[in-house]
1. For q = 0.13, 0.24, 0.25, 0.31 Å⁻¹, what log10 I(q)/I(0) does segment A:14-65 give under the Debye formula with an equal point scatterer on each alpha carbon and no solvent?
2. Among A:106-113, B:11-18, A:38-45, how do they line up from the highest to the lowest mean number of other beta-carbon atoms within 10 Å?
3. Taking beta carbons within 10 Å but only from partner chains, what does the mean come to for residues B:84-96?
4. In whole Hz, with x marking every Gly and Pro, tabulate ³J(HN,Hα) for segment A:105-114 from phi via Karplus 6.51 cos²θ - 1.76 cosθ + 1.60, θ = phi - 60°.
5. Please go through the residue pairs B:LYS16/B:LYS73; A:LYS14/B:LYS38; A:LYS9/B:LYS38; A:LYS14/B:LYS3; B:LYS73/B:LYS111 and name each one whose alpha carbons sit more than 24 Å apart in this structure.
6. Enter the mean number of other protein chain beta carbons within 10 Å of the beta carbon of each residue in B:14-22, as an integer.
7. Give me a single rounded figure for A:40-50: the average over its residues of other chain Cβ atoms within 10 Å of their Cβ.
8. Would you pull out the residues with amide H under 5 Å of B:GLY112's amide H, same chain only if 5 or more places away, H placed 1.01 Å from N?
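Quick note: the coordinates plus some simple rules give every number you see, no bench work behind them. Given the structure is predicted, the values throughout are model-derived calculations rather than measurements. Every residue, glycine among them, receives a Cβ derived from its backbone with ideal geometry; neighbour counts consider all protein chains shown.
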Amino acid sequence: NAGVTQTPKFQVLKTGQSMTLQCAQDMNHEYMSWYRQDPGMGLRLIHYSVGAGITDQGEVPNGYNVSRSTTEDFPLRLLSAAPSQTSVYFCASSALGGKYNEQFFGPGTRLTVL
Amino acid sequence: AQKITQTQPGMFVQEKEAVTLDCTYDTSDPSYGLFWYKQPSSGEMIFLIYQGSYDQQNATEGRYSLNFQKARKSANLVISASQLGDSAMYFCAMREAVISGGGADGLTFGKGTHLIIQP
């Protein structure tokens with residue numbers, strides 16, 4: 001199992017450009033989510049999904065879109081990049097249900113917006 | 001109000017000593033889970049230990065244990081016999097069992113503690 005994979009690892013964008021951060025998992029997890037990590041901060045939830053066709057907003061959703069067409073993939077789209085979106089982005093997945101649902105994290109994507 | 005508070009931005013500890021990293025949380029949900037993650041300088045998030053709100057015993061995983069004091073809303077991580085490889089950022093996080101809008105909320109993280117183990 002590859003676990004949670006993210007591409008690219010690094011990306012530099014100019015203000016106003018759009019791009020998609022890719023996330024895939026091979027553990028058949030229903031739940032997937034995107035977080036951003038800024039210096040001196042913990043991770044903050046951007047968007048999440050509890051299954052194909054179902055997405056919802058987290059704490060900091062503005063400027064980002066997501067979709068979930070398959071169980072495996074959960075791409076994050078930046079519509080018009082801004083310097084405030086410079087951050088490290090983590091994708092995570094977990095099973096749903098039960099009392100203990102460890103979230104498995106991808107390696108992260110470091111994004112710089114100039 | 002912050003849901004997860006980690007009051008120690010940084011800590012220096014001598015190798016082989018025990019370390020306690022503080023975490024307090026705030027929730028009105030009776031069903032929740034508390035997690036600790038380690039983030040080394042390489043950047044990945046490594047799961048360490050989990051404590052459920054209804055668990056009767058404190059969680060342990062090898063050198064890691066969680067000192068869970070429910071009435072005080074405290075979930076401190078204890079690392080016994082610290083090693084140089086323990087130097088990293090440590091994050092406390094909580095997942096509440098709130099179902100809203102048909103979905104399930106993610107993790108809420110604290111700001112982390114930067115632990116440095118000195119030889």
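1. For segment A:14-65 at q = 0.13, 0.24, 0.25, 0.31 Å⁻¹, log10 I(q)/I(0) is -0.38, -1.08, -1.13, -1.26.
2. With the highest mean Cβ count within 10 Å placed first, the list reads A:106-113, A:38-45, B:11-18.
3. Whole-number average of other-chain Cβ neighbours for B:84-96 is 1.
4. 9, x, x, x, 10, 8, 10, 10, 10, 8
5. B:LYS16/B:LYS73; A:LYS14/B:LYS38; A:LYS14/B:LYS3
6. 0
7. Per-residue shielding by partner chains comes out at 5.
8. Amide H neighbours of B:GLY112: B:GLN6, B:CYS92.
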